[in-house]
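Nothing in this text is a laboratory measurement; each read-out follows from the coordinates by a stated rule. Treat the numbers as computed from the prediction; the structure is a model and nothing was measured. Cβ atoms come from the backbone with ideal geometry, glycine included; neighbour counts cover every protein chain shown.
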Amino acid sequence: MPGMRLSTPTHEPGRRIIALRCTHMERVTIFIIRAVLSFVFGTLLMRLFYPDKGIVFSAALGLLLLSLSYFSAYWRHRKSK
């Protein structure tokens with residue numbers, strides 16, 4: 001695809017590469033997509049199960065979902081080695 005190139009990681013002894021092999025802009029795009037989806041689903045779940053709670057709780061749940069998505073990506077890459 002045009003504009004989509006994989007960067008080749010430099011191998012340094014003793015250093016594990018956890019991040020995806022993509023450019024900086026692609027990492028930012030992935031973060032934005034994950035953040036938007038996390039906050040949308042966090043708000044949806046909060047409104048569905050706790051409609052009387054405020055937007056702060058929805059944002060906290062979205063932040064929790066975002067952190068869990070990065071933790072699961074870390075766990076998946078760690079298991080594959």
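Brief remarks follow.
- Rounded to the nearest whole Hz, the Karplus-based 3J(HN,Hα) values (6.51 cos²θ - 1.76 cosθ + 1.60, θ = phi - 60°) of the range 57-65 follow the sequence 5, 5, 5, 5, 5, x, 5, 5, 5, with x at glycine and proline.
- The value of relative contact order for the range 24-79, using C-alpha pairs under 8 Å at least six residues apart, is 37 percent.
- Under 5 Å between amide hydrogens, built in the peptide plane, is the criterion, and for THR23 it picks out ARG5, SER7 among residues at least 5 positions away or on other chains.
- Total formal charge among the other residues, if their Cβ is under 13 angstrom from that of TYR70, Lys/Arg +1 and Asp/Glu -1: +4
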